[in-house]
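Okay, so here's the structure we're looking at.
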Amino acid sequence: MLFKQQALLRQKLLVLGSLAIGSLLYLVARVGSLDRLQPLCPIDGRFGTHGQEEIPLRALQFKRGLLHEFRKGNATKEQIRLHNLVQQLPKAIIIGVRKGGTRALLEMLNLHPAVVKASQEIHFFDNDENYAKGIEWYRKKMPFSYPHQITIEKSPAYFITEEVPERIYKMNSSIKLLIIVREPTTRAISDYTQVLEGKERKNKTYYKFEKLAIDPNTCEVNTKYKAVRTSIYTKHLERWLKYFPIEQFHIVDGDRLITEPLPELQLVEKFLNLPPRISQYNLYFNATRGFYCLRFNIVFNKCLAGSKGRIHPEVDTSVITKLRKFFHPFNQKFYQITGRTFNWP
Ligand code: A3P
């Protein structure tokens, strides 16, 4: 009898013990899952309105996703106010040169956490209609950024348009100006290739490069041809120097940006007084594209559009030689003015 009672008691204790352990395990699991569902800290705390020096650059990289959404216009007024975002006039402009690698330069600089790019070419200073709309119109075209970040825009037509230097000077006389150049003959052929592709897309025929670049009457280089004129870098730069001292310009080697982008970008970081943040990790060579592509983080990377890096048509070697000879003295002057020498023939 006593033995039977003891066995019953043991059974009851076992059931109660199992219940207690089960409840405990349930509570632990529940608290754990609740913990995972809770934000680590309130949104305000994470993206609060810090003073501008207080935000470490690392954190900005983390915020890039949010900024990306804002730039696409996916932000409410409340979010913009909450995150203290502003649309700022550019502190630096890539003024040219067309086909020098202006898009690659802008996209690569945008890897820097303190840089925010204006994605579209705004054409504010070279287009009279846009310019007439006023500086506020221009500012409103700029992307949202944190106050301590710098906005950069690129419109390659600025470099060759008469009125632009004075107009930019009126906006900001101490603005930093970036010019990316390539070997002038290669750039001219690249320029031609872009126009040719546009014509072909519309099923139109177009002249051969040789016919445009060489005057058939004189057999000399045709300086009226825009692709040739744009490559006379020194002529355009001299107009800019009437408004800005040479120290406000930085010349980027567009040919080196293709083959070895990092050192070129590091020189730009220095020129813009930015701490060095772009690293080899951010740039990887894509063999299929034949170009360096951009790596923002472990999940987000991108290559430039297919319209960048076209195959150039074959050009008669005598025409190339003639063009190179033509550009030579202008190149020498350009090296002298800028203090940057290239191995152009
Ligand atoms: P090509 O199409 O002649 O090769 P822009 O952006 O000023 O129009 O310049 C276009 C040029 O950028 C291209 O000229 C290409 O060579 C050059 N470029 C430089 N870096 C590049 C990159 N990482 N990806 C694609 N094109 C790049």
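Would you list C303, C293, C219 from the most to the least accessible area, probe 1.4 Å?
My answer, sorted largest first, is C219, C303, C293.
Of the heavy-atom accessible surface of the stretch 84-336 (probe 1.4 angstrom), what whole percent is carbon and sulfur?
Percent of accessible area from carbon and sulfur atoms in the stretch 84-336: 52.
Only residues of the stretch 127-150 count here: report those whose backbone N is under 12 Å from the spot 7 Å along Cα→Cβ of S119, or say none.
Within reach of a label on S119: 143-144.
Hey, can you rank 159-171, 272-284 by average C-beta count inside 10 Å, highest first?
Order by mean packing, descending: 159-171, 272-284.
What dipole magnitude, in Debye to the nearest 20, does the stretch 269-312 give about its Cα centre under +1 on Lys/Arg Cβ and -1 on Asp/Glu Cβ? Before the final figure, lay out the partial values.
Numbers: 7 positive and 1 negative charges, 22 e Å.
Roughly 100 debye, rounded to the nearest 20.
Between the alpha-carbon centers of the stretch 73-133 and the stretch 293-344, tell me the distance in whole angstrom.
Rounded to whole Å, the Cα centres lie 24 Å apart.
Give me the compactness ratio for the stretch 275-329, meaning the Cα radius of gyration over 2.2 N^0.38 Å.
1.75
Give the Debye-formula value of log10 I(q)/I(0) at each listed q (0.11, 0.12, 0.14 Å⁻¹), with one equal scatterer per alpha carbon of the stretch 84-336, two decimals each.
Relative scattering, expressed as log10 I(q)/I(0), comes to -0.64, -0.76, -1.03.
Write down the percent of antiparallel bridges among all DSSP beta bridges whose residues are both part of the stretch 84-336, to the nearest 5.
40 percent
Distance from a point 7 Å along Cα→Cβ of H148 to each backbone N in the stretch 87-119: keep the residues under 12 Å and list them by number.
Only 114 pass the distance filter.
So, R0 is 22 Å and r is the distance between the beta-carbons of R229 and F285; what FRET efficiency does that work out to, to 0.05?
Plugging the Cβ-Cβ distance into 1/(1 + (r/R0)^6) gives 0.05.
So what are the radius of gyration and Dmax for the Cα set of the stretch 218-315, in Å?
When restricted to Cα atoms, the stretch 218-315 yields Rg and Dmax of 17.8, 57 Å.
What order do F334, F144 take when sorted by accessible area (1.4 Å probe), most exposed first?
F144, F334
If you place +1 on the Cβ of every Lys and Arg and -1 on the Cβ of every Asp and Glu, how big does the dipole about the Cα centre of the stretch 77-153 come out, in debye to the nearest 20? Mind dumping the intermediate values first?
Values: 11 positive and 8 negative charges, 32 e Å.
That gives a dipole near 160 debye.
The values are calculated or read from the model by the stated rules, or taken from the named source; none is laboratory data. All values derive from a computational prediction rather than experimental measurement. Here the Cβ is made from the backbone with ideal geometry for all residues, glycine too, and neighbour counts use every protein chain on show. Just so you know, the surface numbers come from the protein's heavy atoms only, side chains and all, with ligands and any DNA or RNA stripped out. Shrake-Rupley method; radii C 1.70, N 1.55, O 1.52, S 1.80 Å.
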